[in-house]
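All remarks here apply to the structure that follows.
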Amino acid sequence: MTVLVYSYTIYHSPNAYLGSVLLRRALASLPAVRLIRRPIYIPRERGVLVAELLGGKENRNVGSYLREDCRRWSERHSIPFVHPDPEVFRQRAERWAKSAFHREELPARAFYAADGDRRDDLDRAMFEAAWVGGLDVNEPETIRWAAQRADIDPDDLMARLAEPGPVGEARAALAEFERLRCPGVPTVVVNGQRYFGKDRVDWAVEGCCRTGAGPA
């Protein structure tokens, strides 16, 4: 029996990046598991942060703690990681407010526009762009960089992400995220059970194993 694992994420989230790396590593020994990545976007009218998307706010200490905590996690698990300065995020947020796309909409569309057998490589490349290369995944140039990294024709991908299919899939992923009442990113859903955060990857894997998807 194949166990489906749904992973809801955005690309400019350090927790989502670290959690995705740990999840892929953990699931590598479970051949009966199929990982289904579901990138979402943040509608402009909801704010800029995932916390705002969900109707909340981050307190003033969260940002500094998050940088400290993610650095520890990256070192502990040997994951390449470079956290941009907070001022960089503020500058990017100003550009996002003027963009034709909602925050994270462009990379989400790109993911859904890619052929199924190339999505995994593109997914990794967009995370690499954000958290190793220090690039803004909400910029077309970054999507082109990631496409080349994933051996995808950049011009073809940029054309396809404007088509109705990828647009609809991005909207459907956000609707699923809200219908399932995901508390943030990364959220992994296994057999209807939600596991939120990079520190819940082991629990999600245990959930897979309880369904009979243990090591071969």
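At a glance:
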{"item": "Qualifying position, being more than 24 Å from F111 (Cα to Cα) and in a helix (DSSP H, G or I), among E68, E58", "result": "E68"}
{"item": "Residue check, R179 surrounded by 12 or more Cβ atoms within 10 Å (Cβ to Cβ), at pLDDT 95 or above and either farther than 29 Å from A51 by Cα or basic (K, R) (or both)", "result": "no"}
{"item": "Per-region count, the range 167-191, residues closer than 18 Å to R34 by Cα and of a type in the set (A, V, I, L, M, F, W, C)", "result": "4"}
{"item": "Set D121, D115: member being at pLDDT 95 or above, part of a helix (DSSP H, G or I) and either surrounded by fewer than 17 Cβ atoms within 10 Å (Cβ to Cβ) or touching a Gly at 6+ places or on another chain (Cβ under 6 Å) (or both)", "result": "D121"}
{"item": "Hits in the range 6-25 - residues which are in a helix (DSSP H, G or I) and polar (S, T, N, Q)", "result": "N15, S20"}
{"item": "Which numbered condition P43 fails, given (1) in contact with a helix residue (DSSP H, G or I) (Cβ under 8 Å, 6 or more places away or on another chain); (2) closer than 26 Å to A204 by Cβ", "result": "(2)"}
{"item": "Filter result for the condition that a residue is free of Cβ contacts under 8 Å to residues at least 40 places away in the same chain, of a type in the set (G, A, S) and crowded, with 17+ Cβ neighbours inside 10 Å, over A159, A147", "result": "A147"}
{"item": "Check on G165, touching a residue at least 24 places away in the same chain (Cβ under 8 Å), assigned to a helix (DSSP H, G or I), over 21 Å from L49 (Cα atoms) and not hydrophobic (A, V, I, L, M, F, W, C)", "result": "yes"}
{"item": "Top-ranked residue of the range 159-216 - restricted to ones that are of a type in the set (K, R) and closer than 25 Å to W73 by Cβ, ranked as nearest to the chain's Cα centre (by Cα)", "result": "K198"}
{"item": "Selected residue (only one of V5, V21, V48, V33 is modelled with pLDDT under 95 and surrounded by 12 or more Cβ atoms within 10 Å (Cβ to Cβ))", "result": "V48"}
{"item": "Those residues of the range 71-98 which are surrounded by 16 or more Cβ atoms within 10 Å (Cβ to Cβ) and in a loop (DSSP other than H, G, I, E, B), in sequence order", "result": "I79, F81, H83, P84"}
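The values are calculated or read from the model by the stated rules, or taken from the named source; none is laboratory data. Computed from a predicted model, the values in this text were never measured in an experiment. Note that each Cβ is placed from the backbone with ideal geometry, even for glycine, and that neighbours are counted across all protein chains shown.
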